[in-house]
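Structure first, then comments.
Just so it is clear, none of the values below were taken in a lab; they were calculated from the coordinates. Bear in mind the structure is a predicted one, so any value in this text is a computation, not a measurement. Heads up, the Cβs are rebuilt from the backbone with ideal geometry, glycines too, and the neighbour counts pull from every protein chain shown.
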Amino acid sequence: MKQFKPYLLLAAAALAAATAAPGRAQENVLNLYSARHYQTDEALYADFTRQTGIRINRIEAGDEALLERLRSEGANSPADVVLLVDAARLWRAQVEGLFQPVKSATLEARIPATLRAKDDGKGAEWFGISTRARVIVYNKRKVDPAQVQNYEDLARPELRGKVCTRSGAHPYMLSLIGAMSEHLGESGAEQWASGVVANFARKPRGGDTDQIRAVATGECGVALTNTYYLVRLMRSDKPADREVVERIGVVWPNQKSFGTHVNVSGAAVARHAPHRETAVRFIEYLASDSAQAYFAGGNNEWPVVSSVKLNNRELESLGPFKADSLPIASVGRAQVTAAKIIDRTGWR
């Protein structure tokens, strides 16, 4: 579990102080628990404050650390909004009752139904605010892209000793494996996962950027990565990063079938939010044109609002693609099946 940095502890003290004084006006304060650890989000939060006058008190930590904090705080939690970066984690928090239902015509109109989670007809419990796709990268000298047009191809015998991924237990992989179980059934997904494991070039380790670099060096022939890690390298001015990009190719998987797997960053109103109306207002802001454009320009993610124009040359250079239309909530739920598949196949 990540340790809170000193400035985060100070922020926590500020949250406690802001919510402890009953006579103090609370409508101009928002307490945000965020697993988005991107410095580029600073401008996003500053813009919200400029537009509304609402000050944001922020706690940043890993998803698991934030969820444990919410559990331990219970009804005394000062959190208003929770931001998490994966459908599996969002689903887990939802079923644990850490979020509350939200009624918002703005959010229902702007965020596609497949990118938000319903709570038995009571309202949407969490909302996707940005998306990233899980693509295949390959070494141009070692692998013919015709061999890796689909996720299923990663299990082909021709790729024996060439496949690299991060641990199957990581939420990004849990979500992909869960999506595959939705498409192929549990048995089919397990057979696929077994084939992928048999093709490993090395034991899974590192993050997505490590997989990309390993493909570029030739240690791996193919790997999986979320697109924003790839675009980050594409936008880098470091010669070593540029060289990595030149050595790899990119495939949008399953364009002739169900489409490329997408995952989300998602926002929810915390179960015991002391500033509920402000919390809803903040999530509605995250669905605004200005905020959605910022997700693309600031952190190389796709907006969830389809009408928003991109202002990111490298992201746009990846071209259009067919995204998997599975409801993201079902992908989150499927993590239970995915975890079983990982255990049985040894994808760790």
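What whole-number value in cubic angstrom gives the convex hull volume per residue for the C-alpha atoms of the range 230-348?
Expressed per residue, the convex hull around the Cα atoms of the range 230-348 is 187 Å³.
Looking at the P(r) of the range 24-133, how many percent of alpha-carbon pairs lie beyond 19 Å?
50 percent
Which of these values of volume of the Cα convex hull per residue in Å³ was calculated from the structure shown: (1) 136; (2) 184; (3) 196?
(1)
When the helix-only estimate is applied to the chain (DSSP H runs of n ≥ 4, each -39,500 (n - 2.57), divided by the residue count), what is the mean residue ellipticity at 222 nm, nearest 500 deg cm²/dmol?
After summing the helix terms and dividing by the residues of the chain, the value is -13000 deg cm²/dmol.
Around I129, what is the net charge, scoring Lys/Arg as +1 and Asp/Glu as -1 over all other residues with Cβ under 12 Å from its Cβ?
+1
Considering the dipole of the range 190-291 built from charges on the beta carbon (Lys and Arg +1, Asp and Glu -1) around the Cα centre, which of P204, V262, T227 is farthest to its positive end?
P204
Which length gain, in nm to one decimal place, applies between E219 and A169 when the Cα-Cα distance is subtracted from 0.36 nm times their residue separation?
Here the answer is 15.8 nm.
Less than 10 Å Cβ to Cβ from A179, Lys/Arg counted +1 and Asp/Glu -1: what total charge do the surrounding residues give?
Cβ neighbours under 10 Å give a net charge of -1.
Based on the Cβ-Cβ distance from K256 to S317, what FRET efficiency comes out when R0 is 25 Å, to the nearest 0.05?
Computed FRET efficiency for K256 and S317: 0.65.
Of the beta bridges DSSP finds with both residues in the chain, what % are antiparallel, to the nearest 5?
65 percent
By how many nm would the segment from Q51 to V336 lengthen if fully extended, with 0.36 nm per residue of separation less the alpha-carbon distance?
Going from the current span to full extension adds 98.5 nm.
Place a +1 charge on the Cβ of each Lys and Arg in the range 84-222 and a -1 charge on the Cβ of each Asp and Glu, then give the dipole magnitude about the Cα centre in debye, rounded to the nearest 20.
560 debye
Rounded, prolate or oblate: which fits the range 191-264, taking a ≥ b ≥ c as square roots of the Cα gyration tensor eigenvalues, rounded meaning a/c under 1.5, else prolate when a/b beats b/c?
It comes out oblate by the Cα gyration axes.
Starting from the Cα of K142, step 7 Å along the direction of its Cβ; do the same at R344; then give the gap between the two resulting points in nm.
Going by the 7 Å Cα→Cβ label model, 3.0 nm.
Could you check the simple spin-label distance between R160 and E42, using points 7 Å along Cα→Cβ, in nm with one decimal?
That separation, rounded to one decimal, is 5.2 nm.
Against the empirical 2.2 N^0.38 Å scaling, what ratio does the C-alpha Rg of the range 133-233 come to?
Computed over Cα atoms of the range 133-233, the ratio equals 0.98.
What is the spread of the Cα atoms of the range 55-111 along each of their three principal axes, largest first, in whole Å?
34, 30, 20
Once you have the Cα-Cα distance between S307 and S187, take 0.36 nm times their residue separation minus that, and quote the gain in nm to one decimal.
Full extension from S307 to S187 adds 39.3 nm.
From the residues Y151, P171, G195, which one has its Cα farthest along the dipole of the chain in the positive direction, the dipole being from +1 and -1 charges on Cβ of Lys/Arg and Asp/Glu about the Cα centre?
In the chain, that residue is G195.
Where the only charges are on Cβ atoms (+1 Lys, Arg; -1 Asp, Glu), what is the dipole of the chain about its Cα centre, to the nearest 20 debye?
Result for the chain is approximately 540 debye, rounded to the nearest 20.
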